[in-house]
Amino acid sequence: MTQDLSDARREHLDPFRGAAEFAGLRHGLVSPRIFHAGGFDDTNVLFIALAAARASEEATPHPVRVYTLDGTTEEAIRSELWWLDRLREDVGLMVPEPISLPSGERLLRIEIEGQAFVAVRFGWIEGDLLAGLPEGGLDEKEAAELGELMARLHRHSRNVALPNGFERRHDNWQTAFGETSQLSRRGGECFSPRELELFETAGMRAREVLADLGEDAYGLIHGELKPWNVLISSEGLHPIDFCECRFGYYAYDFVGTLGSLPERLHEPFRGGYGRIQALPAISEALEQAVRLMDEMYKTNWILSWPSVSYHAWGEASLREQVHSIEQYLAG
């Protein structure tokens, strides 16, 4: 349940942890014990509050996600919760259910040491992570079900009418390579002129490929529907961790999940998706461009840190990205 953290990261998470504990108390949980469960960036962190809902009951787990308003907005959080509501009601999926405070509000705003946070408590979903199954435990049946699950999310995204004010970030060429990207703003601090020229050339090639996609190829996606964000129980597969849901290319979602699976499970995954709706047409050039966009998401995230050494692996990851760019251009 907990993860090993450096002293610096633990200190960084202290106000997030304090917000999670305060949220647990405001929800009426009895003496909540807070455990870090996932998330290392400055946008949101997931905790498990182990506590009883009443003094006479045994302690049970209660997920609490803490968002910092430095990295998102209350409207973006409400939009995430709105999609969860719609997926439960429209599609019948078992997804995380936000729990309301006694006031009826689901977002709890908290200020700690001058920093603004929002905490949301979710209902617990029983199950095991697909990524946590024993070696070889993920089989063709589960891969096909994962394909079906993704197709159902994409179909809902295409058909649902978004409410006024719906706000989630966009993950497209502009945010990867364009003027609004961290690469454009801060790339000169970390890359040489030759390396920046490589990024520009790769970006232009990817832009030409993505330009061939129609408007229906872009919509609301989960963004990280991979084995570590999917639970399995006797009732089937349950997607979790929608904090990265955003507007993006459906092919991005598809290729990203495909790449997280062993090659032996690629065809079952494709087959499951195809049972729900037509497979996205993905040429080799498009697949390469989408993988590049995936890598650029991580690159721009690192460049958004106060310093690329904020995490010990930041600088090495940027060096790896330059190598990936060179491989992309050589392909």
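Each reported figure results from applying straightforward, stated rules to the coordinates on display, with no laboratory input. Computed from a predicted model, the values in this text were never measured in an experiment. Don't worry about glycine lacking a Cβ; one is built from the backbone with ideal geometry, like all the others, and counts go over all protein chains shown.
Taking the chain as a Gaussian network of alpha-carbon nodes connected by springs under 10 Å, the highest mean-square fluctuation of the residues Pro61, Pro227, Pro134 belongs to Pro134. Eigen-decomposition of the gyration tensor built on the alpha-carbon atoms of the chain gives equivalent ellipsoid semi-axes of 33, 26, 19 angstrom, largest listed first.
When the Cα gyration tensor is reduced to axis lengths a ≥ b ≥ c, the ratio a/c is 1.5 or higher for segment 26-84, and with a/b above b/c it is classed as prolate. Using the Cβ of Glu197 as centre and a radius below 14 Å, the other residues enclosed give a net charge of -1, where K and R count +1 and D and E count -1. In a fully extended conformation the segment linking Trp305 and Asp216 would gain 28.7 nm over its present Cα-Cα distance, using 0.36 nm per residue. For the residues Arg109, Arg186, Arg291, a GNM of the chain with alpha-carbon springs under 10 Å puts the largest fluctuation on Arg186.
Quick check: the angle from helix 266-276's long axis to the longest principal axis of the chain, C-alpha only, nearest 10 degrees? Tilt relative to the chain: about 70 degrees.
Could you give the nm distance between label points at Asp14 and Leu196, where each point is 7 Å from its Cα heading toward the beta carbon? Going from the Asp14 label point to the Leu196 one covers 3.8 nm. The label point for Ala116 and the one for Arg169, both projected 7 Å from the Cα toward the Cβ, are 1.8 nm apart. Ranked by how many other Cβ atoms sit within 10 Å of their own Cβ, fewest first, the residues Val30, Val95 fall in the order Val30, Val95. Inter-part distance, segment 105-164 to segment 229-258, computed on C-alpha centroids, equals 7 Å. Exposure proxy shown here: for Tyr249, Tyr310, the number of other Cβ atoms within 10 Å sets the order, fewest to most, as Tyr310, Tyr249.
Could you tell me how many degrees, from 0 to 90 and to the nearest 10, lie between the Cα long axis of helix 7-26 and the main elongation axis, the longest principal axis, of the Cα atoms of the chain? Helix 7-26 sits at roughly 50 degrees to that axis. Return the single residue from Pro280, Pro96, Pro239 with maximal mean-square fluctuation; model: Gaussian network over the chain, springs between Cα atoms under 10 Å. Maximum fluctuation in the GNM of the chain, among the listed residues, is at Pro280. Packing, taken as the mean count of other beta carbons within 10 Å per residue, orders the peptides 212-218, 141-147, 54-60, 324-330 from highest to lowest as 141-147, 324-330, 212-218, 54-60.
Taking each residue as 0.36 nm, the span from Thr60 to Asn159 lengthens on full extension beyond its C-alpha to C-alpha distance by 31.9 nm. The stretch between Glu179 and Arg207 holds 8.7 nm of extra length on full extension. This uses 0.36 nm per residue minus the Cα-Cα distance.
For helix 193-210, what angle does its Cα long axis make with the longest principal axis of the chain, in degrees from 0 to 90 and rounded to 10? Roughly 90 degrees, rounded to the nearest 10. Distance between the 7 Å Cα→Cβ label points at Asp128 and Ser103: 4.2 nm.
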